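These notes are about the structure you will find just below.
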Amino acid sequence: MADKTAEKRQQILITAMQLFSAKGSSVTSMQEIAEVCGMSKGSLYLHFKSKEELEKSIYEHIANRIKDEILRVDHDPLLEPKEQLRKQTEVLLVHFLEIREYLLKQFHDQMPGKPPIDKENMRQEMLAALQWFNNKLKSIYGPDVEPYTMEIGMFMASMLGSYIRFLFMPGFHLNVGITADHQIQLLDDIVNSILRRRPEPLIPMEAIGQLSQLCQADIRTTRHPLIVIKAMKNELKKSTVETEVREDAMESLNIMEKELLGLQPSRAVLKGMLANLEGIEDLEALYTELKGTIVTVLESYLTPGGIMQGNGSKLET
């Protein structure tokens, strides 16, 4: 009985996806989907409570199909790890080609109330994908590549995303096999370059824990100090403060800006420049914002002996 229910559910998903690909989801009714499936509308609602739930299930169905096939390649004993990754890249591109019309209709449909993202599930999938990619890289290039997994993953994702966009361009034909070969060659090039230079990783693996928080809660935007400095300059131009105060403040902001663009910002310089900006009329709120955000950013640049005092207290003026 359970098998028949699962089989019927899959039939509904495939039928709905075909109808949405041809007409779009907004003009395809649940009644129409039921008729094509050879069932009543009431029976359809036993499987899916709403069209929104059906749409969300289609996306999950697509994602699971891709994931299952990618994992299947992992267990192919005839392929070396790099050959597996090349095949998995091709699998991903082929699947996007298969669902091209469906996604195009969805993008153009602009139907309000799209299915909500399951934030916790997205977080878990992101963590699992990164760990999978980390293991794959180590099996191909050795353990020395591990500190650079995040940055290499960003490179791969960006390149694949760009290739996938070209798959959607009318009249543009991208050879999937050649594209997969090229992607792996680019991966070789960037990994070889990194392992030869051995730079300090900009984004360590541990950062995925912070990145995953984006999927769990609404984010209050914290502006980078360079953005706050620009806002303060604009405010100064309109301010009625004395000319000497304005010029000194502008010079202090220019020095801070230059310091922040350097490889190793000086805590002492920034502390001094902040002191010059304190108490200026019309800049109080921006000054408070700058002081707060600059501490956060500098903690990423400086050693514990820098922005943090020996007792752990933050920058004080």
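Some values worked out for this structure:
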{"quantity": "Accessible solvent surface per residue of segment 225-301, calculated while the other protein chains remain in place, 1.4 angstrom probe, Å²", "calculated": "56 Å²"}
{"quantity": "P(r), alpha carbons of segment 37-97 - 5 Å bins starting at zero, rounded %", "calculated": "4, 16, 19, 15, 11, 10, 9, 8, 6, 2, 0"}
{"quantity": "Translational D in µm²/s for segment 225-301 (Stokes-Einstein at 20 °C, 1.002 mPa s, Kirkwood Rh from C-alpha pairs)", "calculated": "173 µm²/s"}
{"quantity": "Cβ-derived FRET efficiency at R0 41 Å, N175 paired with E146, nearest 0.05", "calculated": "0.80"}
{"quantity": "Carbon plus sulfur fraction of accessible area for segment 225-301, probe 1.4 Å, in percent", "calculated": "51 percent"}
{"quantity": "Gap separating the Cα centres of segment 51-102 and segment 231-274, nearest whole Å", "calculated": "52 Å"}
{"quantity": "Violating pairs (Cα-Cα greater than 20 angstrom) within the set K4/K41; K67/K87; K8/K67; K23/K67; K4/K67; K233/K291", "calculated": "K8/K67; K23/K67; K4/K67"}
{"quantity": "Accessible surface of segment 53-192 [probe 1.4 Å, protein heavy atoms]: carbon and sulfur percent", "calculated": "60 percent"}
{"quantity": "Rounded FRET efficiency, nearest 0.05, which uses the C-beta distance separating N192 from R165 and R0 of 22 Å", "calculated": "0.25"}
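The values are calculated or read from the model by the stated rules, or taken from the named source; none is laboratory data. These figures come from a predicted structure and were not determined experimentally. Every residue, glycine among them, receives a Cβ derived from its backbone with ideal geometry; neighbour counts consider all protein chains shown. The protein model used for the area step is the full one, side chains on, heavy atoms only, and it has no ligands, DNA or RNA in it. Shrake-Rupley method; radii C 1.70, N 1.55, O 1.52, S 1.80 Å.
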